[in-house]
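Data first, discussion second: the structure below is written as structure tokens.
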Amino acid sequence: MNAQRPKGLEAFITGCPLGALLVLLMLVLSITGFGRQLFVQGSIEGAMKAGSTPFAAAAFKDPEFISDPVYVINHPDPPTKPDPPYDMEELKERLLPPDETEASAENTESSSESEESSESEEERIAEKEEQDEQAEHGESVYTPFRDEPRDPVTPRSDHYHDPARRALNTDAEYQTVDEHYFDNTLFIGDSRIDGLGLFSDLRNADYLTKTGVSVYTLHSYKLKFSSDGVTFSEEVYFTDVLRQKTYDHIYIMIGVNELGISDEKDFLEEYEKIIAEIRELQPDATIYILGIMNVSQYVSDDSSYLNNDNINARNWEIAHLADGKTIFYLDVNPAVCDEKGFLSNDYSNDGVHLRSDCYYLMVDFLKEHAVL
């Protein structure tokens, strides 16, 4: 009588023992990974219910706008090799180039705009004379910016008008601090600030960033939020974060993505609205307006809008928003630029962003310009 042949799983194990071992190994790994995920998620949810959030900002005790958050516990260490070069054509498209039809239409109005510029220059001179007169009579006059001797520069486009004026750091008694100064600090900005959070040693601060964000889209875009080295998987609106937590210091750098949109006056109006909203939601925070970082010479010389003349004109405007008491304007460009004011090629691969291993230059500058 013939022996009965094995069937089903028994036949598979008998006929292919190696395959059976692989299937068993995959099953064990799957169960282990699933168990670890449940453990981590349970630990985080338990901590949040208990009122302690070891991986998130302490303010998010009841995060209504975040459902089932998943966390990236650690950012990768900064790469030891330089970042790969950027595709400049793709970069220019991402930085929102101006619409040619709008540019041509604006050119037809250049004569009237130049007359308005001369009138505004006369008003500025009259205002300065009035301030000088008040100072002579012993009245206290605060000016968040100062004129430097300058030669006139002809603008290369209608997106800016007087590029020769350069805003200086707000006059203040700055002190040097260590990284603990940034324990309860929020950084707001575009890809340049995102790089600060990813590659600098200021992991104890909070970051609210998005590549490509501008003053015109800051309210409508959801931003990436990182707190104490942890990144939320769900993006949030910047006003939600400002309502959830009280900060001691808030830094903002924004403006490179809208260099080809409107002009510096319109840019200032939108920027002023943002600063006013931050002040309303964070009445006790010290606000630092970081000047737009310059671009390299080969980028600046190749564009009518993505250039340092345009950046200078806009930095001059936003420096007016500083009051020298709770709002300060800081220009980081001297720390990262060459003697001509261009972003140094030694510190950047694409002429627009700092290399990942060069963000320490910005950090050092911020540590040396703190108001206590």
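The values are calculated or read from the model by the stated rules, or taken from the named source; none is laboratory data. Quantities reported herein were computed from a predicted structural model and do not represent experimental measurements. Every residue, glycine among them, receives a Cβ derived from its backbone with ideal geometry; neighbour counts consider all protein chains shown.
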| Condition check for Val236: crowded, with 21+ Cβ neighbours inside 10 Å and either in contact (Cβ under 8 Å) with a residue 60 or more places away in the chain or not hydroxyl-bearing (Ser, Thr, Tyr) (or both) | no
| Is there a residue in region 212-231 that is farther than 30 Å from Tyr305 by Cα, of a type in the set (Asp, Glu) and more than 12 Å from the chain's Cα centre (by Cα)? | yes
| task | Check whether at least one residue in region 176-186 is on the phi < 0 side of the Ramachandran plot, touching a Pro at 6+ places or on another chain (Cβ under 9 Å) and touching a residue at least 12 places away in the same chain (Cβ under 8 Å), and report yes or no. | result | no
| Residue check for Ile250: assigned by TED's automatic domain parsing to the domain that holds Ile287, at pLDDT below 95, of a type in the set (A, V, I, L, M) and not in a helix (DSSP H, G or I) | no
| task | Would you mind telling me which numbered condition in (1) in contact (Cβ under 8 Å) with a residue 40 or more places away in the chain; (2) not in a strand (DSSP E or B) Arg243 fails? | result | (1)
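Looking at region 333-367, which of the residues that are among the basic types (Lys, Arg) and part of a loop (DSSP other than H, G, I, E, B) is surrounded by the most Cβ atoms within 10 Å (Cβ to Cβ)?
Selected residue: Arg355.
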| note | Of the conditions (1) surrounded by fewer than 19 Cβ atoms within 10 Å (Cβ to Cβ); (2) over 19 Å from Tyr329 (Cβ atoms); (3) of a type in the set (A, V, I, L, M, F, W, C), the single one that Ile275 does not satisfy is (2)
| field | In region 172-214, the residues that are touching a Gly at 6+ places or on another chain (Cβ under 7 Å) and buried (at least 23 other Cβ atoms within 10 Å of the Cβ) | value | Phe187, Asp190, Tyr207, Thr209
| task | Pull up region 278-332, narrow it to residues that are among the basic types (Lys, Arg) and part of a helix (DSSP H, G or I), then point me to the one that is farthest from Tyr247 (Cα to Cα). | result | Arg314
| field | Ile275 being at pLDDT 95 or above, in contact with a Leu (Cβ under 6 Å, 6 or more places away or on another chain) and not in a loop (DSSP other than H, G, I, E, B) | value | yes
| field | The lone exception for Gly324 - which of (1) buried (at least 21 other Cβ atoms within 10 Å of the Cβ); (2) on the phi > 0 side of the Ramachandran plot it fails | value | (1)
| said: Show the residue pairs meeting these rules: Cβ distance below 6 Å; 6+ apart or different chains; first residue within region 303-317 and farther than 12 Å from Arg156 by Cβ and touching a residue at least 24 places away in the same chain (Cβ under 8 Å); second residue among the polar types (S, T, N, Q) and buried (at least 24 other Cβ atoms within 10 Å of the Cβ). | reply: Ile311/Asn294
